[in-house]
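J.: Handing you this structure, nothing more for now.
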Amino acid sequence: MRIRYGEITKNALLILAATGVIAIAATSPNFLINIAREIIKYKKYNKKNLRNNAGNLSRSLSGLNKNKIVIIKENNGKFTIELTERGRKVVKEILFDNMKIEKQNIWDKKWRIVIFDIPEKKLGKQIRNLLRSKLQTIGFFQLQKSVWVHPYPCKKEIQLICEVYEANPYVNMITAEKICNDDSLTKYFNLHL
């Protein structure tokens with residue numbers, strides 16, 4: 001069962017994933033508040049709420065440290081905070097749950113086609129159904145039973161889906177310039193040629 005995290009905690013984890021490590025001087029007795037303030041600098045929080053967010057984030061960081069999602073340590077006069085292996089898994093789950101494919105201002109007239117053939121004995125029908133459901137959720141069009149199409153770049157998103165479902169060997173992505181009779185696709189995605 002996955003733990004649900006609040007927005008402040010999710011943002012902190014995503015910032016830690018992007019920056020790698022955050023460090024502050026170890027001179028302050030309120031080092032968690034100071035780490036929280038460093039993290040907040042990366043996100044555009046309302047200045048008026050900075051103090052409340054820092055306090056909430058400080059409590060979140062303490063809980064994340066206790067649950068071994070982040071590790072906070074003192075070394076050479078500095079406190080550092082970084083993600084653990086478990087924390088990196090949580091970040092993947094957050095990215096997976098919030099996944100969206102960015103719409104381009106001008107369509108490059110290429111189709112991204114995801115095809116898969118998942119053996120029932122190895123991964124089972126459940127993984128196949130989860131994969132179909134996720135592709136539908138992020139906006140793919142089902143062209144055939146195991147053939148899904150999207151007009152915008154989505155390589156990273158498909159890689160993450162395959163990682164989460166452990167389906168890399170069974171999923172392939174093709175970029176094509178033309179699909180015959182693609183009128184229903186252009187209409188579905190509201191593309192103007």
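The values are calculated or read from the model by the stated rules, or taken from the named source; none is laboratory data. Nothing here was measured: the structure is a model prediction, and the numbers come from that model. Positions of Cβ are backbone-derived with ideal geometry, glycine not excepted, and every protein chain shown enters the neighbour counts.
J.: Between a first residue in segment 163-178 that is hydroxyl-bearing (Ser, Thr, Tyr) and a second residue that is modelled with pLDDT of 90 or more and buried (at least 18 other Cβ atoms within 10 Å of the Cβ), which pairs have beta carbons less than 6 Å apart while being 6 or more apart in sequence or on different chains?
T.: Tyr165/Leu131; Tyr170/Phe116; Thr175/Arg112
J.: Where in segment 1-117 are there strands (runs of 3 or more DSSP E), lying fully within it, with 1 or more residues that are modelled with pLDDT of 75 or more, under 30 Å from Val149 (Cα atoms) and in the same structural domain as Gln144 (by TED's automatic domain parsing)?
T.: Numbers: elements: 21-25, 70-75, 78-83, 111-116.
Result: 111-116.
J.: Quick test for you: out of Ile101, Ile118, Ile158, Ile127, pick the one residue that is among the hydrophobic types (A, V, I, L, M, F, W, C), touching a Gly at 6+ places or on another chain (Cβ under 9 Å), over 23 Å from Asn11 (Cβ atoms) and touching a residue at least 12 places away in the same chain (Cβ under 8 Å).
T.: Details: Ile101 fails: over 23 Å from Asn11 (Cβ atoms); Ile158 fails: touching a Gly at 6+ places or on another chain (Cβ under 9 Å); Ile127 fails: touching a Gly at 6+ places or on another chain (Cβ under 9 Å).
Selected residue: Ile118, the only one of Ile101, Ile118, Ile158, Ile127 that is among the hydrophobic types (A, V, I, L, M, F, W, C), touching a Gly at 6+ places or on another chain (Cβ under 9 Å), over 23 Å from Asn11 (Cβ atoms) and touching a residue at least 12 places away in the same chain (Cβ under 8 Å).
J.: A further question on this structure: Quick one: is Ile113 in contact (Cβ under 8 Å) with a residue 60 or more places away in the chain and of a type in the set (A, V, I, L, M, F, W, C)? Talk me through it step by step, then tell me what you get.
T.: On the way: in contact (Cβ under 8 Å) with a residue 60 or more places away in the chain: yes; of a type in the set (A, V, I, L, M, F, W, C): yes.
Yes; evaluated as a whole, the condition is true for this residue.
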